[in-house]
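A short worksheet on the structure shown next.
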Amino acid sequence: MKIAIAGGNGFVGRALAGELVKNNHDVVILTRKLVAPTGSGQLRFTLWLTDKANPISDLQDTDIFINLAGESINSGRWTEQRKEKIVNSRINAVKEITDIMNKLDRKPRLLINASAIGIYGTSLEKVFTEGDDNGLGEDFLAKIVRKWEKEADKASQLGIRTILCRFGIILDKQQGALPKMAIPYKSFIGGPLGTGRQWMSWIHIADVVNGICFLIENKDIQGPVNFTAPQPVTMNEFGKTLGQVIHRPHWLPVPRLALALLLGEMSTLVVDGQKVLPNKLLNNGYQFKYPDLNNALKNIFS
C-alpha cells in the first residue's frame, strides 16, 4: 500500500516509517524542509505546509494517511504564546491533510490521526476507556485534544475510515519522556514525583508501531483507540521499577510545589495523571509485546 506520514521525521514517525518499509509498503513522508534527498524506492519525501509545496501529485493513489504532526506538548513551558502554537500547529496540520485528501482523484481508505489520553482529564480513582468518548477533562490539554479530534473526524464525512490514536506516555531509550525521567535516577537522586499516587498510563514504542500496523490491517476498527499498555502504574511504582532496572535508588521525592515552580502549568503532565486502559485494542485481539512495565524497561535499558 501507499502510505503518507505527516510528522514522519519525528519520534514515532521514524520508527513507524521504518517498520512500514520493512513490510513492503511505499511510504511518503510529508515534511516542511527537505533535509535529505527526496528519496527513492519505498521511502520518499515531499514538501507540505510551505509556500513552495504542492504535494497533491506525489500523493495521488495514497491508500492511508497517518498524521503525527504538530508542536510537542512537553518541550517547553506552557506560556500563552506556546499554548497557541501547540493548538494551531496541530489544527493546521489536520486541516491541510483533510484538504489534500479532498482534492485527490481517489480518496484514501483510512486516516490515522495522533491524539492523546489527556482528553480524559486527570483522576486518582477513575478508569478511562474509549467509552468515555466525549472526554471528561476541562483543563488546557483536554480542551485542545478535543479540538484536534473534532477537526480530524471531519475526514469521516468524506467517507474515510478515521482512527484517533490517544497516546499515553511513550517509552523509548533515546526519545520522549523516559530519558529525562531517568536522569535523576542515574545521578542517584531519583524518587517519586509529587505524591507518587498519580497514575501513569504508558506504552512501549514497539507497541505503538505494532499497534498502528494492527489498525491498518483490521478494517472494522475506527474512532478513538487508546494507545496505553494494559497495566498502568502509579508514578511511585514507575520510579521503583525504573530504579530496580537501572540499579539505582528510589528515595528522594520531588514535591509538587517544586515541579509547579519549575514547569508551570505543564507540571500537570507529571504530577497529575489518569488510569487509561486499551480496551479497543485488546477486544479486537491485539497482543501487546510489552504489557508490563518491568519487561518494557528491561528491553529499553538492556
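The values are calculated or read from the model by the stated rules, or taken from the named source; none is laboratory data. The structure displayed is predicted, hence computed values, not measured ones. Quick reminder, even Gly has a Cβ in these numbers, built from the backbone with ideal geometry, and neighbours come from all protein chains shown.
Listing for the model above:
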| read-out | value |
| --- | --- |
| Residue count for region 62-87, restricted to those that are under 18 Å from M101 (Cα atoms) and assigned to a loop (DSSP other than H, G, I, E, B) | 4 |
| Residue pairs meeting the criteria (Cβ under 8 Å; at least 6 apart or on separate chains; first within 17 Å of D99 (Cβ to Cβ), in region 35-59; second acidic (D, E) and at pLDDT 80 or above) | T46/D58; W48/E96; L49/E96 |
| Residue check for V225: touching a residue at least 40 places away in the same chain (Cβ under 8 Å), in contact with a Cys (Cβ under 9 Å, 6 or more places away or on another chain) and more than 17 Å from L110 (Cα to Cα) | no |
| Which listed residue, of N113, N134, is surrounded by fewer than 18 Cβ atoms within 10 Å (Cβ to Cβ) and either at pLDDT 90 or above or over 15 Å from the mean Cα position of the chain (by Cα) (or both) | N134 |
| Matching residues, region 109-131, being touching a helix residue (DSSP H, G or I) at 6+ places or on another chain (Cβ under 6 Å) and in a loop (DSSP other than H, G, I, E, B) | G121, T129, E130 |
| Conditions (1) more than 25 Å from A260 (Cβ to Cβ); (2) without any contact (Cβ under 8 Å) to a residue 60 or more places away in the chain; number of the one not met by I97 | (2) |
| Count of region 133-143 residues which are outside any helix (DSSP H, G or I) and either in contact (Cβ under 8 Å) with a residue 40 or more places away in the chain or in contact with a strand residue (DSSP E or B) (Cβ under 9 Å, 6 or more places away or on another chain) (or both) | 3 |
| Selected residue (criterion: surrounded by the most Cβ atoms within 10 Å (Cβ to Cβ)) from residues of region 1-31 that are assigned to a helix (DSSP H, G or I) and touching a Leu at 6+ places or on another chain (Cβ under 6 Å) | V12 |
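Rundown of residues vs (1) more than 18 Å from G243 (Cα to Cα); (2) in contact with a strand residue (DSSP E or B) (Cβ under 9 Å, 6 or more places away or on another chain), yes/no style:
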site: R166; (1), (2): yes, yes
site: P179; (1), (2): no, no
site: S187; (1), (2): no, no
site: G194; (1), (2): no, yes
site: V208; (1), (2): yes, yes
site: E217; (1), (2): yes, no
site: T228; (1), (2): yes, yes
